[in-house]
Amino acid sequence: MNSKKRVKIVLTELKKLFPDPDTELNYNTHWQFLVAVVLSAQTTDLQVNKVTKNLFKKYKTFKHYVDADIKLFEQDIKSIGLYRGKAKNILAAAQLLKSKYNGHIPKTLKELTELPGVGRKTANVVLGHLYGIHEGIAVDTHVARLSKLFGLTKHTDPKKIEQDLVKIIPQKEWSDVNHRMVWYGRVYCNARCRHEKCPIVAKLREEKLY
């Protein structure tokens, strides 16, 4: 009973605080969104947007990535963390998408995770945001930390956290819950928070669930 009540409180409060959650990443095409998400690993969306502002002007079409020189591309994203690995993965993904999918972003978790640099978290973000397809829940650092804080999981491994969350959160909420937790982590409860003014923690305390 407590777990059902707990998740209902968390989802209800998240919806109240962030009724229309969306990504902060700037993009115009499906491919650009995938590039931005790959670049965002261990980097803030703000920093990614600074880089893609110029990157998307220079590499205007998907073909520009297919034909790109890796050394030049590395320099274009150099201010992003792990830029060499990300450059290699993005350009390799472009080659694979061209040869296997005619440049289109696939619509299944299995196909997406075959792309270089695309793990389960990235694939879930892309599927949910671009296509409204919910095969799983993207577990990033915000989701992992807050899920444990709210008592929705006892695990720290992202795969195990996702397994716990998909059992208790309705499938139609899977994409939005990621966005909402990310926003909650940024606005109300960062990693250094002492939880004195966290609205969801306060609500859980009211119900003696924290």
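None of the figures in this text is laboratory data; all of them are computed from the coordinates on show. The model shown is predicted, which means the values in this text are computed figures rather than measured ones. Using ideal geometry, Cβ is built from the backbone for each residue, glycine included, and neighbour counts are taken over all protein chains shown.
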Practice problem: State, to one decimal in nm, how far the label point of Leu130 lies from the label point of Glu111, with both points 7 Å from Cα in the Cβ direction. | Solution: 1.0
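How many percent of Cα pairs in the chain exceed 24 Å? Mind showing how you got there, number by number?
Values: 9673 of 21945 pairs.
Of the Cα pairs, 44 percent sit more than 24 Å apart.
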Quiz item: Calculated FRET efficiency, Val66 and Lys159, Cβ-Cβ r, R0 22 Å, to nearest 0.05?
Solution: 0.10
Practice problem: Could you sort out which of Lys15/Lys58; Lys86/Lys197; Lys16/Lys154 sit more than 28 Å apart by Cα distance in this structure? | Solution: Lys15/Lys58; Lys86/Lys197
Practice problem: In square nanometres and to one decimal, what's the mean projected area of the convex hull around the Cα atoms of segment 102-165? | Solution: 4.6
Quiz item: Quick one: which of Lys88/Lys110; Lys71/Lys160; Lys60/Lys110 span more than 31 angstrom between C-alpha atoms?
Solution: Lys71/Lys160
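How far, in nm, would the chain grow between Gln171 and Glu206 when pulled straight, counting 0.36 nm per residue and subtracting the alpha carbon separation? It would help to have the intermediate numbers written out before the result.
Details: separation 35, 0.36 × 35 = 12.60 nm, distance 2.74 nm.
Difference between extended and current length: 9.9 nm.
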Quiz item: Given a cut-off of under 8 Å on Cα pairs at least six residues apart, what relative contact order in percent is computed for segment 92-210?
Solution: 18
Practice problem: Kindly provide the helix-only [θ] at 222 nm of the chain, computed as the sum of -39,500 (n - 2.57) over DSSP H runs of four or more divided by all residues, to the nearest 500 deg cm²/dmol? | Solution: -17500 deg cm²/dmol
Quiz prompt | Under 18 Å from the Asn102 label point (7 Å along Cα→beta-carbon), backbone N, segment 118-134 | solution = none
